[in-house]
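The values are calculated or read from the model by the stated rules, or taken from the named source; none is laboratory data. Everything quoted here is computed from the prediction, not taken from an experiment. Using ideal geometry, Cβ is built from the backbone for each residue, glycine included, and neighbour counts are taken over all protein chains shown.
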Amino acid sequence: MTNHDVTNSLQFRKKTFSTVWDDNSDGVEQAASGARALVFHPNISYPAKNSQRDAEGRIAEAVSLSAALELEIVSAKIISLNKIRPSTYLGKGKLEEIAAEIAFHDVELVVADCELSPVQQRNLEQELKVKVIDRTGLILEIFGERAQTKEGVMQVELAHLSYQKSRLVRSWTHLERQRGGFGFMGGPGERQIESDRRLIDERIAKIKKQLGSVIRTRELHRDSRRKVPFPIIAMVGYTNAGKSTLFNYLTGARVMAEDLLFATLDPTMRNVDMPNGKKAIFSDTVGFISDLPTHLVAAFRATLEEVIEADIILHIRDISHPETEAQKSDVLEILNSLGVADDKSNNIFEVWNKADLLDDEKSEIYENMAMRAENVAMVSALTGAGCASLLEKLDQELAKDKREFNLTFSHAEGADIALFYKYGEVLERKDTEKITKITVRLDQAAIGQLVKMGKLNEDGRD
């Protein structure tokens, strides 16, 4: 088995199709062609489930994830469980029910909206006689489809290989087979599974080395931005919350923005003209989701460093979604795992998006709540409503950490005056025959840069 074969051994090859979800009681999609899939969500009574999420919401999300991978979903169901079986996750009776549906609908793939152990996944495939993929594997496949840049492809491959490494046992039924070899091909008696694991380890090491170069390049870019200190505003949020649509509206970019989970994977940065006349850099990032695989969080840390470095974290929320509060908790949990939520909790600014989808009563309630909150803006990225007010609030938020300086220059110091226009916000200027006086507002990054250049000290000018 070659390195390439190992890398792709667990990837599910699918056909394209065109479908329309029919929201009926039995949850059957009226589809034409493609890989026929059954999706199930296990509703476990013990331990107690998260009260913010219901089973109907979870199965709907699992169906959306499957649709993002272009599967023909012929059945979507909630399965009630008292406990998880260590060997097959589901009990014998539930397995028989699913097997009957597989035979009736001619199912080719079963999507389990949960995390399966390698043994559970293998045993389910043996019992059901079809391919089985869990939530983590499904998300990894979607990311593999969405990645466009070299960096994104490497990050997805790293996450996929880490996931595959523990599941190689699924690919082999011949663990007794011995294979001899010489040198790099493996010593006498090395098993095929050990050889494949070694190949994966080598590939993981190579990708990590390449991503190390990406991290260094990103740090150089951040250093360059600090020299021209535009504030960084990183947009985060639950997948399909409308980040890319808002990003496109504010920046005039053409980032892919569709009604699909994980429509955006590779990060994009653009300048935006703020109401005060200065620029800010907006960054569109990958969407978050509940139970985001740890493999992905680790693999995308180089990308998510942009969030850690941001002056303001713009948390985009789909305020029309019935589980918007649960989605907020999921996003904050991931930010917390990155060390952001605690350290920069005061820098998180909420944008309540998709206001155009609210009815009049809810719209009025949310508008009143947003008006009373300092760090909240209500918008519709689709229509642009509220976006101007959002930028004004962000201007005010950025000004909180700024300091004002009253400075005096001779007319011969025109170049120095221009620097303060470049790095700060000149609030007032008075010119006389001999001198020029300005009142300028500077953020901490600009102060540090001007002090370093010898144009300013902490109390003003020398």
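Residues of segment 144-156 being surrounded by fewer than 23 Cβ atoms within 10 Å (Cβ to Cβ), in contact (Cβ under 8 Å) with a residue 40 or more places away in the chain and within 23 Å of Ser64 (Cα to Cα), which ones? Correct list: Gly144, Glu145, Arg146, Ala147, Gln148, Gly152.
Residues that are among the small types (Gly, Ala, Ser) and more than 21 Å from Arg58 (Cα to Cα) within segment 92-141 comprise Gly93, Ala99, Ala100, Ala103, listed in sequence order.
Would you say Glu364 is acidic (Asp, Glu), on the phi < 0 side of the Ramachandran plot, without any contact (Cβ under 8 Å) to a residue 40 or more places away in the chain and not assigned by TED's automatic domain parsing to the domain that holds Asp318? Answer is no for this residue.
Kindly check whether there is at least one residue in segment 335-350 that is of a type in the set (Lys, Arg) and within 17 Å of the chain's Cα centre (by Cα). No, the conditions are met nowhere in segment 335-350. Of the residues in segment 365-386, none is loosely packed, with under 14 Cβ neighbours inside 10 Å, at pLDDT 90 or above and touching a Ser or Thr at 6+ places or on another chain (Cβ under 9 Å).
Within segment 101-136, the set of residues being polar (S, T, N, Q) and more than 22 Å from the chain's Cα centre (by Cα) comprises Ser117, Gln120, Gln121, Asn123, Gln126. Can you find even one residue in segment 371-392 that is touching a residue at least 40 places away in the same chain (Cβ under 8 Å) and farther than 23 Å from Pro231 by Cα? Yes, because at least one residue in segment 371-392 is touching a residue at least 40 places away in the same chain (Cβ under 8 Å) and farther than 23 Å from Pro231 by Cα. The numbered conditions (1) over 28 Å from the mean Cα position of the chain (by Cα); (2) more than 28 Å from Glu333 (Cα to Cα); (3) assigned by TED's automatic domain parsing to the domain that holds Tyr238 are all true for Arg372 except (2). One residue alone among Glu97, Glu115, Glu70 is closer than 26 Å to Leu158 by Cβ, of a type outside the set (Lys, Arg) and surrounded by fewer than 16 Cβ atoms within 10 Å (Cβ to Cβ), and that residue is Glu115. Within segment 216-224, not a single residue is modelled with pLDDT under 85 and buried (at least 20 other Cβ atoms within 10 Å of the Cβ).
As a summary of the residue check, Tyr423 satisfies the conditions (1) out of contact with any helix residue (DSSP H, G or I) (no Cβ under 6 Å at 6 or more places or on another chain); (2) not assigned by TED's automatic domain parsing to the domain that holds Phe282 except for the one numbered (1).
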